[in-house]
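Remarks on the structure that follows.
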Amino acid sequence: MARRVVQVRNVTVLLGRFPALARASFDAFEGEVVVLEGPNGSGKTTLLRLLLGLVVPAEGEVVVFGVDPARMPSAVRRASTYLGHQAMLYDELTADENLAFFERLRVLHAAQAAQLLERLGVDRRERGRQVRHLSQGQRRKVALATALAKPAELVLLDEPHAALDPEGKALLDDVIVDLARGGRTVVLASHDPGRSGRIATRRYRVVAGHPREVPAC
Amino acid sequence: MRSTQLRRLRRAIGAAALVGVAATAWLGLVVTPPAEFFGNLVRLLYVHPSMAWVAFLAFGVTTLASALYLWRRTRRPAWDLLAAASAEVGVVFTGLTLVTGSIWGRPTWGVWWTWDALLTATAVLFLLYLGYLALRRVPMSEERRGVRSAVWALIAFVDVPIINQSVYWWRTLHQRPSLSIGPTNAVEVHGIMAVALAVSFVSFTLTWVWMVWVRFDLARRQRALEQLELAHAIAERLESVEAGS
Amino acid sequence: MLRVAVAVWRKDLSIEWRSRVLLNQVVPVTLVIVVLFGFGLDARTTLLRAALPGLYWVSVFFALTLAVARAAAIEGEANAGELLRLLDITPSGVYLGKVLAVATWGLGIEAVAAASAAILFNAALVDPLLLSGVAVVADVGVSAVGVVLAQLATGERASESLLPLLTLPVVSPVLLAAAKAWQAGLARTPSLAFPWVEILLAFSCIYLVVGMLVYGIVLEG
Amino acid sequence: MNGYVVAGYLAVAVGLGGYWLWLGLLARRLRRRERELGVREGHDGSLA
């Protein structure tokens, strides 16, 4: 049996007055690609953020790498990487400068990220342009590369396929599968079950803040 | 029951404060004699310094409660609510300190406002805590608001001695402070005047205690209501999950 | 921590180099304020010269709050509050970097404002060493407070007037001390400036320490 | 009696009285909402 990386038990999360998760339970094991499906607003994003201690459960238990992310956020965050809806990039810098900044913060190796960008189809010329001048799809790829180049055991991706063209989606799928083969744990949220069904080792369907495992077929 | 006893105590404090304030007015306006030098103006002595004392007391309590909230081991929503209640009442008393000080200044110094060190520092303090109340109005989650306003209260608290020192030097380095005779240090206080002064300090402090208590209680009940609404919302969401399966 | 600070500082400088928001907007605003003082005081140069320290510092303080807001906006665009938390980077390092960046921009603003005030008010800036020394320390003090307060004031729906409401009263001793020190310098009585320089130094040191302690708490909260 | 003295005492009365009235207003609004939600008066919110 593979090591259990994430364990969520009966968790309720309140965003303001809104229960974004209601008695949610969820698991992820080492080397898995777990896909969370469900419509917008069903609580997928909140579930990912819960694992990083960015939202705190009102009740229930969360364990990631054996610790509670709300109590020891840095232990969990050091070993994880996350890509949210919003690309966490500085718009006025070029892709290369963004990478260089994160390298200076000792978060990633710029060379590795550049390699990843190459693989996703962003060439050297585009990397030298300010991020705000890039197309949505190219920006998304830069954001993906910065997130995935961080050496992390747990990879959390929120709608990573959004804004990518079919070719880009296929390239990303390859990258994700490679990550999982390398022993990383990938949890990704998607409202496009057809797409992610191909790479998923296990799937959850999230409805109204409550994830349910989809039996393998 | 404990809570009814507490409520009775609160009501007693409120009544005592009301009687005390009335007594202060009666002692200050009727019983005490006019002073030799200041004449009838000395009667302002029975309101202004006690206002100032309560204002500083209120901000002391806000700072203390904020620090207790920030420290993780003593973090309770109650500290945040207490800090807020105390600051709000404190702003009222600071405003009254400034107004009564100004009313004192006009006949004594011929101007409504003098840049006297103490007065200036009090004015800046007033502005700092208006900022505190404005920050609390910004919509955000309960915990975030608690942390942010507590941090702000501490930053403001650190600022107070610096402001005091700088305005003190500002007003005293060049010209001797011929004007900065506050109402307190120019009059010899004795006999019935001392009684009136003491009554005023005690009764305005009691007024403050009562007001903070009431305000705190209101905030606490407000919070309880919000949590009740939250529980309903969770129940509804769970029902919809059950219905969907 | 210093490594992080330098990285953040360099990043902010190169963003400003690219976007030139401060150069194209904040610096001109400072000039406008200086010119408006000339209009408001009927262009009486003796009056303007006498009031120069106060007028100068009031305009610089407004410009500095704009610079602080800009520094916060850069991080807001990239959703960096969350980013930095996720990357588990020393908050005090980020704080120092932001303070350094704002202070660097502030020096530019101060230089432009000083030059324009000297020319427009027809005043000689005697004792430039004292004046610029005071300017540097005051700049650091305001930046040290401003960076924390900008983080407090930039909620999801906080209004833009909140930041100046919070910042200006807190830095009022800096305004007072800097103006008095400049007054002493311009009057060729530099010895009178010492207590004010003391206040400036104390303020800057205290708030740098406070900022490093609380910045992480504010980010997390 | 001195006009300034009267003004000073009046200011205190208006200030504290005004705040007292405002507290009363808040309490009334709160009580109405409590009744709407069916909470008995003086209900204790848990502040743990």
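Loop sites only, by DSSP: take the GluC sites (Glu not before Pro) in chain B that have at most 16 other C-beta atoms within 10 Å and name the longest stretch containing none of them.
B:37-187
List the relative contact order of chain B as a percent without decimals, with contacts defined as Cα pairs under 8 Å and 6+ residues apart.
Computed over chain B, the figure is 33 percent.
Based on alpha-carbon atoms only, what is the radius of gyration of segment C:125-221 relative to the globular estimate 2.2 N^0.38 Å? Spell out each step's value before the answer.
Working: Rg = 15.4 Å, N = 97, 2.2 N^0.38 = 12.5 Å.
It is 1.23.
Using only protein heavy atoms and a 1.4 Å probe, how much accessible area in total is buried between D and B, to the nearest 100 Å²?
That pair hides around 3300 Å² of surface in total.
Could you tell me which of A:V131, C:L200, A:L83 has its Cα farthest along the dipole of the protein assembly as shown towards the positive end, charges placed at Cβ (Lys, Arg +1; Asp, Glu -1), taken about the Cα centre?
Comparing the listed Cα positions along the dipole, A:L83 ranks first.
Of the accessible area of segment A:37-142, with the probe set at 1.4 angstrom, what percent is carbon plus sulfur?
46 percent
So how far, in whole Å, is the C-alpha centre of segment B:32-76 from the one of segment B:102-117?
20 Å
How much accessible surface does B:W79 have with a 1.4 Å probe, in Å² rounded to 10?
Accessible area of B:W79: about 80 Å².
Using a 1.4 angstrom probe, figure out how much accessible area the protein assembly as shown has per residue, in square angstrom, rounded to the nearest whole.
Normalised by residue count, the accessible surface of the protein assembly as shown is 44 Å².
For C:L87, C:L31, what's the largest-to-smallest order of accessible area, 1.4 Å probe?
C:L31, C:L87
To the nearest hundred square angstrom, how large is the accessible surface buried between A and B, total for both chains, probe 1.4 angstrom?
1100 Å²
Let me know the mean shielding of C:136-149 by other chains, meaning the per-residue number of their Cβ atoms within 10 Å of its Cβ.
Averaged over the peptide's residues, the number is 1.
Taking both sides together, what accessible area is buried at the C/B interface, probe 1.4 Å, expressed in Å² and rounded to the nearest 100?
2700 Å²
Tell me whether segment B:3-244 comes out rounded, prolate or oblate; compute the Cα gyration tensor, take square roots of the eigenvalues as a ≥ b ≥ c, and use a/c under 1.5 as the rounded threshold.
oblate
Taking accessible area as the heavy-atom solvent-accessible surface of the protein chains with a 1.4 Å probe, which residues of segment C:60-105 lose no less than 20 Å² upon going from the isolated chain to the full protein assembly?
Listed by number, the residues meeting the 20 Å² cut-off are C:E77, C:A78, C:N79, C:E82, C:L83, C:R85, C:L86, C:L87, C:D88, C:I89.
Just C:V58, C:V126, C:V171 to compare: in a GNM of chain C, with alpha carbon springs under 10 Å, which one fluctuates most?
With Cα springs under 10 Å in chain C, the top fluctuation among C:V58, C:V126, C:V171 is at C:V126.
Just need the Rg to Rh number for segment A:36-182, please, alpha carbons only, Kirkwood Rh. Don't skip to the answer; put the middle values down first.
Details: Rg = 15.7 Å, Rh = 16.1 Å.
Reported Rg/Rh, Kirkwood definition of Rh: 0.98.
Give me the percent of accessible area attributable to carbon and sulfur for chain B, probe 1.4 angstrom.
Values: 7340 of 11290 Å².
Ligands and nucleic acids excluded, carbon and sulfur reach 65 percent.
Give the separation of the Cα centroids, segment C:60-94 to segment A:50-75, in Å.
First find each Cα centre; the distance between them is then 25 Å.
Sum -39500 (n - 2.57) across every DSSP H segment of at least 4 residues in chain C, then divide by the residue count to get the 222 nm mean residue ellipticity, nearest 500.
Computed ellipticity for chain C at 222 nm equals -28000 deg cm²/dmol.
B:Y168: accessible area at probe 1.4 Å, nearest 10 Å²?
Approximately 120 Å² of B:Y168 is accessible to the 1.4 Å probe.
In segment B:21-49, which residues become less accessible by 20 Å² or more once every protein chain is in place, relative to the chain on its own, using a 1.4 Å probe?
Hits at the 20 Å² cut-off: B:L29, B:N40, B:L41, B:R43, B:L44, B:V47.
Among the residues of segment C:163-180, which ones have their accessible area go down by 40 Å² or more when all the protein chains sit together, as opposed to their chain alone (1.4 Å probe)?
In segment C:163-180, residues shielded by partner chains: C:L165, C:L166, C:P169, C:V170, C:P173, C:L176, C:K180.
Rg/Rh for chain C to two decimals, with Rh computed the Kirkwood way over all alpha-carbon pairs.
0.99
Compute and list, largest first, the equivalent-ellipsoid semi-axes of the protein assembly as shown from the alpha carbon gyration tensor, each √(5λ) rounded to a whole angstrom.
Equivalent ellipsoid of the protein assembly as shown: 54, 38, 17 Å, largest first.
Can you give the relative contact order of chain A as a percent, counting alpha carbon pairs under 8 Å and 6+ residues apart?
It rounds to 31 percent for chain A.
If contacts are Cα pairs under 8 angstrom and at least 6 residues apart, what is the relative contact order of segment C:43-168 in percent? Before the final figure, lay out each step's value.
Working: 74 pairs, mean separation 50.3, N = 126.
Relative contact order for segment C:43-168 comes out at 40 percent.
First compute the accessible area of segment C:2-220 with a 1.4 Å probe, then give the percent of it belonging to carbon and sulfur atoms.
Result for segment C:2-220: 71 percent of the exposed heavy-atom area is carbon or sulfur.
Beyond 23 Å, what percent of the Cα pairs of segment B:1-124 remain?
50 percent
May I have the count of lysine pairs in the protein assembly as shown with C-alpha atoms under 27 Å apart, counting pairs 8 or more residues apart or located on different chains?
Qualifying lysine pairs in the protein assembly as shown: 10.
The values are calculated or read from the model by the stated rules, or taken from the named source; none is laboratory data. It should be emphasised that the depicted structure is a prediction, and the values quoted were computed from it without experimental measurement. No Cβ is skipped: glycine too gets one built from the backbone with ideal geometry, and neighbour counts run over all protein chains shown. Remember, those area values only see protein heavy atoms, side chains included, never the ligands or the DNA or RNA. Shrake-Rupley method; radii C 1.70, N 1.55, O 1.52, S 1.80 Å.
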